[in-house]
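Single-structure report; data block below.
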Amino acid sequence: MTAAHPLDLAARSLGGSVVQADDESFGEKENLVVDGSAVVAPGRFGHKGEVVDGWETRRRRGSPPGHDRALVRLGAPGVVRSVDIDTTGFTGNHPTHAMLEGCGLDGYPSVDELRSPDVGWEPLVPWVPLSGDEHHVLSVSSPTRITHVRLTVRPDGGIARLRVHGDALPDPRTLDGLTVDLAARELGGLVVASSDDFYTQASALNRPDLARTMGAGWETQRRRDDGHDWAVVRLAAAARPQMVEVDTSYFVLNASAEVELWGCHNETDPDPQAAEWFPVLPRTRLQPDTRHRFRVPPGPEMTHVRLDAFPDGGISRLRLQGQVVGPSLHRLAVRWFEALPEGQRQALMREYAVPSVELLLAALLGSQKT
């Protein structure tokens, strides 16, 4: 069984963006958040030096030498669990130290607003030494919902990638009354287990984009027994899906022939073979290279779904359309509010002019401002 892959909140595929950098003379700042590992190809030179797959600043001169910074808007705001400051490909030109800070802001702040001294940047990773051509995976203990991070390197040099791993925590106001993809990464959906990731990982199933090749989906090895493959998805919140989309695009000769969908309600990630799973979609035939949409009969609320693929896995994407309503939406709103920075919580209380958190959440989720 294959376990979950951590969610990179800063990934370009989720909408992450490097909005500003002090310097990018040798390597563009946008390289920090692109999907995929850095490509090391020595010997390619342009007018400013060697072409690198990363963010690289010029050499700083003088004393003290100073530092360089890059501001990153997360594609999926959430609680950060760890970061990977990756110097792959940078050997004699990597920074000696780095630190990472985060902040949580409402709306879409400009670069000038992010650079304001009024922004409450919270330390996520203190100054740490860096080595060349290495992944530096560092734990983060902050419970705060982060929307932006600020990477500072000292004194200068190259960083290939910045990965910000964590749990997506959406703003409940963006879900209230709307039908959304309950499995979506940007809302907190996560592929937590799968039977086989032989060719490509099951974590591709809930990518936000459409597959453009067979390699962008989930493909298992060919089964030579009478079993089948499966993948378990933790939904963004407990809900009742109304429609499931199973996309076999680009799987022309090796798509799964049939699928079943099962659900369960559990506070933790369940055993894929436990008896608590209940049927959501009966065994249904698939066609190759096709986006299938099936209505889901009314049923119990679920926190997880298990996709069973027969006889083996060749599926590009899995979408589960539905609404987060009632107590489930309220629980999500409480988690979101408790994770907000103190300044943002106070600003919401002032804006809505309510005396309690419960009244604030009621106002946020469809009621009129008082």
Item to check | Condition check for Ser25: hydroxyl-bearing (Ser, Thr, Tyr), at pLDDT 95 or above and assigned by TED's automatic domain parsing to the domain that holds Arg81 | outcome: no
Next on the checklist: Please determine whether any residue of segment 58-70 is in contact (Cβ under 8 Å) with a residue 40 or more places away in the chain and closer than 30 Å to Asp271 by Cβ.
Outcome noted: no
Checklist outcome for this item: Out of (1) farther than 21 Å from Arg185 by Cα; (2) not in a loop (DSSP other than H, G, I, E, B), the one Ala274 does not meet is (2)
Checklist entry - If we scan segment 145-155, do we find a residue that is assigned to a loop (DSSP other than H, G, I, E, B) and either within 21 Å of Asp8 (Cβ to Cβ) or in contact with a Cys (Cβ under 6 Å, 6 or more places away or on another chain) (or both)? => result no
Checklist outcome for this item: Note on segment 120-137: residues among the aliphatic types (A, V, I, L, M) and surrounded by 16 or more Cβ atoms within 10 Å (Cβ to Cβ) are Leu124, Val125, Leu130
Checklist entry - Does Gln287 meet the test of being of a type outside the set (Asp, Glu), closer than 15 Å to Gly322 by Cβ and surrounded by fewer than 17 Cβ atoms within 10 Å (Cβ to Cβ)? => result no
Checklist outcome for this item: Residue hits (segment 175-225; in a helix (DSSP H, G or I), among the polar types (S, T, N, Q) and out of contact with any helix residue (DSSP H, G or I) (no Cβ under 7 Å at 6 or more places or on another chain)) are Ser203
Item to check | Residues of segment 252-271 satisfying the condition of being assigned to a loop (DSSP other than H, G, I, E, B) and within 19 Å of Val191 (Cβ to Cβ) | outcome: Ala255, Ser256, His265, Asn266, Glu267, Thr268, Asp269, Pro270, Asp271
Checklist outcome for this item: Exactly one of Pro279, Pro288 is touching a residue at least 24 places away in the same chain (Cβ under 8 Å) and on the phi < 0 side of the Ramachandran plot, and that residue is Pro288
Checklist entry - Taking segment 279-299 as the region of interest, how many residues are under 8 Å from Glu260 (Cβ atoms), touching a His at 6+ places or on another chain (Cβ under 9 Å) and of a type in the set (A, V, I, L, M)? => result 0
Item to check | Filtered residues of segment 105-157 (kept if closer than 19 Å to Gln346 by Cα, over 25 Å from the mean Cα position of the chain (by Cα) and of a type in the set (Asp, Glu)) | outcome: Asp118
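Okay, residues lined up against (1) under 21 Å from Arg185 (Cβ atoms); (2) aliphatic (A, V, I, L, M); (3) free of Cβ contacts under 8 Å to residues at least 60 places away in the same chain:
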site	(1), (2), (3)
His304	yes, no, no
Ala309	yes, yes, no
Arg319	yes, no, no
Gln323	yes, no, no
Ser328	yes, no, no
Leu332	yes, yes, no
Phe337	no, no, yes
Gln344	no, no, no
Checklist entry - Is it the case that segment 13-21 has a residue that's under 30 Å from Val233 (Cβ atoms), assigned by TED's automatic domain parsing to the domain that holds Val153, at pLDDT 95 or above and in contact with a Ser or Thr (Cβ under 9 Å, 6 or more places away or on another chain)? => result no
Next on the checklist: Out of everything in segment 303-318 that is buried (at least 19 other Cβ atoms within 10 Å of the Cβ) and assigned to a loop (DSSP other than H, G, I, E, B), what residue ends up being modelled with the lowest pLDDT?
Outcome noted: Gly313
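Condition check ((1) under 27 Å from the mean Cα position of the chain (by Cα); (2) in a helix (DSSP H, G or I); (3) surrounded by 15 or more Cβ atoms within 10 Å (Cβ to Cβ)) across all residues:
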| position | (1), (2), (3) |
| --- | --- |
| Leu320 | yes, no, yes |
| Ser328 | yes, yes, yes |
| Arg331 | yes, yes, no |
| Trp336 | yes, yes, yes |
| Leu348 | yes, yes, yes |
| Glu358 | no, yes, no |
| Ala362 | no, yes, yes |
Checklist outcome for this item: From the option list Thr2, Thr96, Thr88, single residue qualifying as at pLDDT 95 or above and surrounded by 16 or more Cβ atoms within 10 Å (Cβ to Cβ) is Thr88
Checklist outcome for this item: With criteria (1) within 17 Å of Ser194 (Cα to Cα); (2) surrounded by fewer than 18 Cβ atoms within 10 Å (Cβ to Cβ); (3) touching a Cys at 6+ places or on another chain (Cβ under 8 Å), Pro270 comes up short on (2)
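The values are calculated or read from the model by the stated rules, or taken from the named source; none is laboratory data. Everything quoted here is computed from the prediction, not taken from an experiment. With ideal geometry, Cβ positions are generated from the backbone for all residues, glycine too; neighbour counts draw on all protein chains shown.
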